[in-house]
Amino acid sequence: MALGRVVRRVLRIGTALRVKTSARLFKTEAHLGVLCRRAAPLGPMPNAGIDLENLESLEKYRSYTRYVQVAEKTNNKEVWWKTYRKYTETEHDHGLKDEADFEPVNIGLPHCRPSRKVEVKERIRVTKQNKNNSDLERATRLRTFRIPLDRVKAEWEKTNGPHHIQRLAEHYGIYQDLFPMAYFVPRVMLRVAYGDDSSAMVHYGNHLSPSQASLAPHVSFEAEENSLWTLLLTSPDEHLQDSEQEYVHWLVGNIPGNAVHSGQEVCQYIAPFPTKGTGYHRYIFLLFKQEVLVDFSSDLLPSPCYSLKKRSFKTLEFYRKHEDLITPAGLAFFQSQWDSSVSDAFLTRFNMREPVFEYDRPPVYHPPQKKYPHGQPLRYLDRYRGGKEHTYGIY
């Protein structure tokens with residue numbers, strides 16, 4: 001009797017468990033059916049209009065430049081699906097994008113391009129003139145035709161020059177250190193030359209010694225007769241105490257036309273003084289175009305001024321103070337390294353001891369000496385002479 005009750009109870013529990021298991025399996029299959037149900041796409045799928053059986057009918061790129069243009073246009077096109085870039089975008093708690101996601105702002109002069117009709121007419125006129133020039137045709141046929149470099153440089157300054165200078169300034173970190181989150185295209189060509197004979201020219205990152213730049217340079221640029229300009233020379237790598245500060249080397253404001261000597265000298269010129277052991281320093285000439293006369297009384301320094309504390313400067317703060325009246329227009333810069341004239345400058349002008357920076361190099365590592373070195377050079381033992389370890393034999 002007792003055995004029969006136990007058997008009936010076991011069968012009842014097994015039946016109940018089997019029913020529950022079947023129910024659970026049915027429920028899981030129902031959920032999978034719901035998950036596998038696909039919804040219609042919200043828009044056209046990529047490459048949906050391509051005929052895979054007739055690929056030869058597709059338009060060819062014909063050049064790498066055209067391919068890059070099409071790729072950039074496609075990359076900037078808005079799509080209905082969420083791209084990888086949208087998944088990886090980071091935002092702050094207040095819904096603002098990270099500072100690195102903001103594009104730099106152009107604070108320079110606008111580009112005034114002539115009309116297309118004028119350019120086409122000028123091109124046609126030059127083409128007709130060249131076709132009627134028999135000397136030019138003969139020089140081209142005999143391969144003796146030469147174009148003057150001055151003419152090439154003048155054409156470069158009008159067309160691609162400003163953009164090339166902008167790329168060089170970005171490469172050297174000019175905008176990053178002087179105008180964070182901003183840039184400008186140098187539309188006005190700035191020509192700076194040191195020396196009486198203008199032998200030391202300032203280009204875009206070339207090297208000049210402090211001795212060559214000991215006196216104020218000759219600066220020239222193309223300007224209208226009634227225009228006003230501001231010229232600044234600063235160094236973002238030179239400050240001895242604060243890496244975020246600069247030293248102003250020259251500041252001339254309210255320059256009429258291109259006569260720099262007739263402007264108001266807000267800060268007297270002082271030669272570069274890159275400290276010993278700090279490598280190359282950047283020295284940047286900035287040209288600002290003024291709308292009207294600017295009051296520089298708050299920026300005026302005594303003449304002469306050899307106080308490094310008073311010469312501490314920040315280009316961004318200077319621009320923000322006068323941003324309604326001045327606009328960056330020209331740029332030129334060079335690099336300089338320590339020489340003997342810097343020591344004299346600290347001693348005679350700044351009346352202070354010259355700071356010298358040195359690098360403590362770690363000792364050269366040599367593996368433990370072998371008594372019978374195989375395949376080593378003849379002067380193998382010279383590495384270990386004078387040390388505390390025992391030197392095996394001599395050669």
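The values are calculated or read from the model by the stated rules, or taken from the named source; none is laboratory data. Just so it is clear, the structure is predicted and the values come from calculations on it, not from any experiment. Here Cβ is always computed from backbone atoms with ideal geometry, including for glycine, and neighbour counts include all displayed protein chains. Surface areas here come from the heavy atoms of the whole protein model, side chains and all, with no ligands, DNA or RNA. Shrake-Rupley method; radii C 1.70, N 1.55, O 1.52, S 1.80 Å.
Overview of results
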{"quantity": "Options N254, N226, N160, N206: the member that is surrounded by 15 or more Cβ atoms within 10 Å (Cβ to Cβ) and among the polar types (S, T, N, Q)", "calculated": "N254"}
{"quantity": "Which numbered condition V202 misses (of (1) in contact (Cβ under 8 Å) with a residue 12 or more places away in the chain; (2) out of contact with any Phe, Trp or Tyr (no Cβ under 6 Å at 6 or more places or on another chain))", "calculated": "(2)"}
{"quantity": "In segment 241-277, the residues that are among the small types (G, A, S) and either at pLDDT 95 or above or under 20 Å from R191 (Cα atoms) (or both)", "calculated": "G253, G257, A259, S262, G263, A271"}
{"quantity": "Hits in segment 247-268 (condition: more than 30 Å from the chain's Cα centre (by Cα) and of a type in the set (V, I, T))", "calculated": "none"}
{"quantity": "Extreme residue, farthest from T348 (Cα to Cα), among residues of segment 264-285 that are touching a Gly at 6+ places or on another chain (Cβ under 9 Å) and open to solvent by 20 Å² or more (accessible area, probe 1.4 Å)", "calculated": "Q264"}
{"quantity": "Selection count where residues are in contact with a Phe, Trp or Tyr (Cβ under 6 Å, 6 or more places away or on another chain), part of a loop (DSSP other than H, G, I, E, B) and under 24 Å from D299 (Cα atoms), scope segment 320-369", "calculated": "1"}
{"quantity": "Residue count for segment 240-279, restricted to those that are within 19 Å of S307 (Cα to Cα) and not hydrophobic (A, V, I, L, M, F, W, C)", "calculated": "14"}
{"quantity": "Residue within segment 144-163 that is among the small types (G, A, S) and modelled with pLDDT of 90 or more present", "calculated": "yes"}
{"quantity": "Residue count for segment 286-309, restricted to those that are open to solvent by 40 Å² or more (accessible area, probe 1.4 Å) and aromatic (F, W, Y)", "calculated": "1"}
{"quantity": "Residue within segment 379-390 that is open to solvent by 40 Å² or more (accessible area, probe 1.4 Å), free of Cβ contacts under 8 Å to residues at least 40 places away in the same chain and either under 30 Å from A193 (Cα atoms) or not in a loop (DSSP other than H, G, I, E, B) (or both) present", "calculated": "yes"}
{"quantity": "Hits in segment 168-198 (condition: under 11 Å from the mean Cα position of the chain (by Cα), part of a helix (DSSP H, G or I) and surrounded by 14 or more Cβ atoms within 10 Å (Cβ to Cβ))", "calculated": "L168, A169, I174, Y175, Q176, D177"}
{"quantity": "Residue in segment 358-368 that is farthest from D339 (Cα to Cα), counting only those that are open to solvent by less than 100 Å² (accessible area, probe 1.4 Å) and out of contact with any helix residue (DSSP H, G or I) (no Cβ under 8 Å at 6 or more places or on another chain)", "calculated": "P368"}
{"quantity": "Residue in segment 66-76 that is among the acidic types (D, E) and at pLDDT below 75 present", "calculated": "no"}
{"quantity": "Pair list, Cβ < 9 Å and 6+ apart or interchain, from segment 288-306 residues that are more than 9 Å from G253 (Cα to Cα) to residues that are open to solvent by 80 Å² or more (accessible area, probe 1.4 Å) and part of a loop (DSSP other than H, G, I, E, B)", "calculated": "E291/D324; L301/K310; P302/K310; Y306/N351"}
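One line per residue, one yes/no per condition, for (1) modelled with pLDDT of 80 or more; (2) surrounded by fewer than 10 Cβ atoms within 10 Å (Cβ to Cβ); (3) assigned to a helix (DSSP H, G or I):
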residue	(1), (2), (3)
V19	no, no, yes
L25	no, no, yes
E53	yes, yes, no
K60	yes, yes, no
K86	no, yes, yes
